[in-house]
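I have placed the structure first, in the form of C-alpha cells, so that the comments after it can refer back to it.
Please treat every number below as a calculation from the coordinates, not as lab data. This one's a predicted model, so the numbers in the text were calculated from it and none came from an experiment. Every residue, glycine as well, gets a Cβ built from its backbone with ideal geometry; the counts of neighbours run over all protein chains shown.
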Amino acid sequence: MTYSKIIGTGSYLPAKRVTNDDLAAQLATKGIETSDEWIVTRSGISARHYAAPDENASDLAVNAARKALEASGLEAEQIDLIIVATSTPDYFGSFPSTACIVQNKLGMRNNSAAFDMGAVCSGFVYAMATADAFIKAGNAKNVLVIGTEVFSRILDFDDRSTCVLFGDGAGAVVLAASEEPGVLAVKLHADGSHGGILCGPANPSNQASNQEFLYMDGPAVFKLAVSVLEKVANEALAHAQMPAGDIDWLIPHQANLRIMTGTAKKLGLPADKMVVTVHEHGNTSAASIPLALDVAMRDGRIKPGHNVMMEGVGGGFTWGAVLARM
Ligand code: ACO
C-alpha cells in the first residue's frame, strides 16, 4: 500500500515584525483606539510580520519551499506537483497561478504540475488532502505543498476589529510516496451558506460587489469555528480508528488562542500538546498550520512516529482536518 508522508518542512516570515504596541501607535495617529491588552485578551496575538513592498506571496512561498526541500533531501526537480494554498495570490484569479511562479522562481524546468488552491484559512488542509489523493492514486510521487499569504495587503487599517488579527508568512512541506504510514486520515467540509461572514476584497470581475478589503463578522466566525473544529478532528480520528489520547500534537489553524484552547479541551487534550504560534505570527490564514508545524519540527517537539492532528477553519465557510504520522 502506498502512503503519503511528510519528509520535510520549511517556513518563512518577512523581516518586519509589528507588535501590538506598534500597531496601536499607528492606529492612534488616525484617532482609532486599540491596545496590547485588548488584542492579547481577545485573540492571544502579541505580534505579527508584514511583507516588504517588494515581497509577494510567491516570494514568501519560495523561501519556505527552499527550506522544506533542503529538509527533505530532495532537489526541486524531483517534485512532480506544486500546490499553493493562498487567498492572496500574486495575480488576480491566480492568473498565472502562484504555484507556477514558485516553480519558475525555484528554477524548475521539469514541467511539474502546479496549481493554486483557495480555501482561505483551511487552504493548507485542503491542499494536503489533495496532495495525499494524488500520491495515493499514483499520479504524483513528491508534492510540494505550500501555504503562503500577504494578508497585510487586503486589510482595512481603519477597521480595528480585523486589522489587528492578521499577519504575513509562508510554510511548506514536501509530501512523498512512502511504504510507511504517513497521512492517516483527511476530512474536508464546506458550507457556502456562511460565505458572507468572512470574505476578501471583490475581484475586478465581480461587478456585483464593491468590497475593497477583508470583511469579518468576528463573533459569527468564532461561534462556527468552535462548533466545527472538534467535530472534524473526531471524524478524522474515527477514520483512522485512533483515540484522541494518541494525538501527540494538535496543530490548529492559528487564528485565536481562545478557539484553539477550546478545541483542545473538547478533545480532552492538555494545552501543552498544542503547538501555538499565533502570539508571534497572528493569523496567517493558509500559512498558519505549516508555519506552526515547521516551528515544532525544528525545535524538536515533533519527533518521528508522532501523531499530528492539523485542522483548519476559514472563509467559504470551509473546514477540515489532516491526521498524519511523522
Ligand atoms: N481594539 C479595541 N476594541 C476593539 C477592537 C480593537 N482592536 N476591535 C473591536 N473592538 C471593540 C468592538 O468595537 C466592541 O466594542 P462595543 O462592545 O463597544 O461594540 C468590543 O471591542 C467587542 O467586540 P467583539 O467583536 O464582540 O469582540 P470579540 O470578543 O468577539 O472578539 C474577535 C473579536 C477577536 C475578532 C473574535 O470574535 C474572533 O476571534 N473571532 C474569530 C476569528 C477567527 O477565528 N477567524 C478564523 C478564520 S480567519 C480566515 O478564514 C481568514
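Beyond 19 Å, what share of the Cα-Cα pairs of the range 34-136 is found? Please give it as a whole percent.
Details: 2712 of 5253 pairs.
It works out to 52 percent of all Cα pairs.
Expected output is a single nm value to one decimal: the length gained when fully extending between residue 266 and residue 25, i.e. 0.36 nm times separation in residues minus the C-alpha distance. What is it?
Difference between extended and current length: 83.0 nm.
Can you pull a Stokes-Einstein diffusion coefficient for the range 162-241 at 4 °C (1.567 mPa s), Rh from Kirkwood over Cα pairs, as a whole number of µm²/s?
Using the Kirkwood radius from Cα pairs, D works out to 79 µm²/s.
Please report the net charge: other residues with Cβ closer than 13 Å to the Cβ of residue 136, K and R +1, D and E -1.
0
Exposed loop sites here are GluC sites (Glu not before Pro) in DSSP loop states with at most 13 other C-beta atoms within 10 Å. What is the longest stretch of the chain lacking them?
Values: sites that count: 33, 75, 179, 212.
It runs 213-326.
Determine which residues of the range 289-326 fall in the zone a paramagnetic label at residue 209 would reach in this model, i.e. backbone nitrogen under 16 Å from the point 7 Å along Cα→Cβ.
Only 314-318 fall inside the zone, counting backbone N under 16 Å.
In the range 151-179, which residues have a backbone nitrogen under 19 Å from the label point lying 7 Å from residue 110's Cα in the Cα-to-Cβ direction?
172-179
By count of other Cβ within 10 Å, fewest leading, how are 58, 97, 227 ordered?
227, 97, 58
Could you please rank 62, 226, 143, placing first whichever residue has the fewest other Cβ atoms within 10 Å of its Cβ?
If I rank by nearby Cβ atoms, fewest first, I get 226, 62, 143.
With viscosity set to 1.567 mPa s at 4 °C, what whole-number translational diffusion coefficient in µm²/s follows for the range 152-206 from Stokes-Einstein and a Kirkwood radius over Cα pairs? Display every interim value, and only then the final one.
On the way: Rh = 15.9 Å.
Translational D for this selection: 81 µm²/s.
Using a Gaussian network model on the chain with a 10 Å cutoff between Cα atoms, which of 307, 256, 110 fluctuates the most?
110
Once you list every other residue whose beta carbon is under 14 Å from the beta carbon of residue 44, what net charge do they have if Lys and Arg are +1 and Asp and Glu are -1? Please list the in-between numbers first.
On the way: positive: 42, 48, 258; negative: 36, 37, 280.
Spelling it out: positives minus negatives among the neighbours equals 0.
Loop only per DSSP, at most 12 neighbouring Cβ atoms within 10 Å: give me the trypsin sites (Lys or Arg not before Pro) in the range 90-163, ordered by residue number.
The qualifying sites are 109.
For residue 156 and residue 179, what is the calculated FRET efficiency with R₀ set at 51 Å and r taken between the beta-carbons, to the nearest 0.05?
0.55
In vacuum, with every alpha carbon of the chain counted as one equal point scatterer, what does the Debye formula give for log10 I(q)/I(0) at q = 0.07, 0.11, 0.12, 0.13 Å⁻¹? Two decimals, please.
Values, matching the q order: -0.25, -0.63, -0.75, -0.89.
Evaluate the distance, in nm, between pseudo-label points positioned 7 Å from the Cα of residue 91 and of residue 227 along their respective Cα→Cβ axes.
4.0 nm
By how many nm would the segment from residue 137 to residue 258 lengthen if fully extended, with 0.36 nm per residue of separation less the alpha-carbon distance? Don't jump to the answer; show the numbers that get you there.
Values: separation 121, 0.36 × 121 = 43.56 nm, distance 3.83 nm.
Residue separation times 0.36 nm, minus the Cα-Cα distance, leaves 39.7 nm.
Can you tell which of 54, 156, 132 shows the greatest fluctuation in a Gaussian network model of the chain with Cα springs below 10 Å?
In this elastic network of the chain, the residue with the biggest mean-square fluctuation among 54, 156, 132 is 54.
For the range 140-174 and the range 175-217, what is the separation of their Cα centres, given in Å?
The range 140-174 and the range 175-217 have Cα centres separated by 12 Å.
Need one number: nm distance between label points at residue 37 and residue 273, each 7 Å from Cα along Cα→Cβ, rounded to one decimal.
3.6 nm
Would the range 219-319 count as rounded, prolate or oblate if I go by the C-alpha gyration tensor, calling it rounded below 1.5 in a/c and otherwise prolate when a/b exceeds b/c, oblate otherwise?
oblate
May I ask you to list, by number, the DSSP H helices of the chain whose Cα span along the axis is at least 27 Å and whose average Kyte-Doolittle hydropathy reaches 0.0 or more?
218-240
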